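Written out below as structure tokens is the structure these notes cover.
The values are calculated or read from the model by the stated rules, or taken from the named source; none is laboratory data. The model shown is predicted, which means the values in this text are computed figures rather than measured ones. FYI the Cβ positions are ideal-geometry reconstructions off the backbone, even for glycines, and counts take in every protein chain you see. Heads up: the accessible areas ignore ligands, DNA and RNA and are worked out on the full protein's heavy atoms, side chains in. Shrake-Rupley method; radii C 1.70, N 1.55, O 1.52, S 1.80 Å.
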Amino acid sequence: MTLQKDNTSPARSSILDQAWFWALAIILFAFLGTFFLYREALGLPFFFDDMIHLRWLDWHSLPSVWTTAEGLGYYRPLTMSFWKISYMVLGYYDPMLSHLLNLVLHGINAALTGYIAWRLWLGKGQKLFSLLATLFFLSYPFSFQAVPSSSSLSKPLIATLMLVSVVLYW
């Protein structure tokens, strides 16, 4: 008795057809693109409003960051909490860490944008559309200071929270 090969079984798809491969590619593209485009920001000092924020934080405890914005023109407790916690852990304000946090958040936002684009475009060209959406977000953040300026941490942070809420809602 001989066994015949069943020709009706589905053909093995290549790695380029796998969704996980493209998800990983978009994530890598987002983070590598972010660090390629904005790597110079890691060497920047604190500037613009940073000194005002950091002096204000010196006068406030972590809980008071959530209860008052007296002396500042706006209320951004989550942003201030990140800086205050980094000061409590390190003992000083590190500009490289602050800029790195902005870059990491921008990379996350670009990856989330690519994922949302992947979910929106279901037809032919889905992979290209997703990569282009990621590239566009990487290259043109909604504010020119959102990525390199550590005092603009609230912008990438808000974008992260909003994009995650879109993904979770979906």
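Here are the numbers:
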| quantity | calculated |
| --- | --- |
| Test result for residue 52, part of a helix (DSSP H, G or I), open to solvent by 70 Å² or more (accessible area, probe 1.4 Å) and among the hydrophobic types (A, V, I, L, M, F, W, C) | yes |
| Options 46, 31: the member that is at pLDDT 95 or above, touching a helix residue (DSSP H, G or I) at 6+ places or on another chain (Cβ under 9 Å) and not hydroxyl-bearing (Ser, Thr, Tyr) | 31 |
| Identity of the residue in the stretch 138-161, farther than 30 Å from residue 56 by Cα and in contact (Cβ under 8 Å) with a residue 40 or more places away in the chain, that ends up most open to solvent (accessible area, probe 1.4 Å) | 139 |
| Selection within the stretch 26-49 - open to solvent by 40 Å² or more (accessible area, probe 1.4 Å) and among the hydroxyl-bearing types (Ser, Thr, Tyr) | none |
| Lone qualifier among 92, 115 - being of a type outside the set (A, V, I, L, M, F, W, C), over 20 Å from the mean Cα position of the chain (by Cα) and either open to solvent by 70 Å² or more (accessible area, probe 1.4 Å) or within 14 Å of residue 159 (Cβ to Cβ) (or both) | 92 |
| Which listed residue, of 72, 103, is surrounded by fewer than 19 Cβ atoms within 10 Å (Cβ to Cβ) and either not in a loop (DSSP other than H, G, I, E, B) or not acidic (Asp, Glu) (or both) | 72 |
| The stretch 118-137, subset assigned to a loop (DSSP other than H, G, I, E, B) and small (Gly, Ala, Ser), residue surrounded by the fewest Cβ atoms within 10 Å (Cβ to Cβ) | 123 |
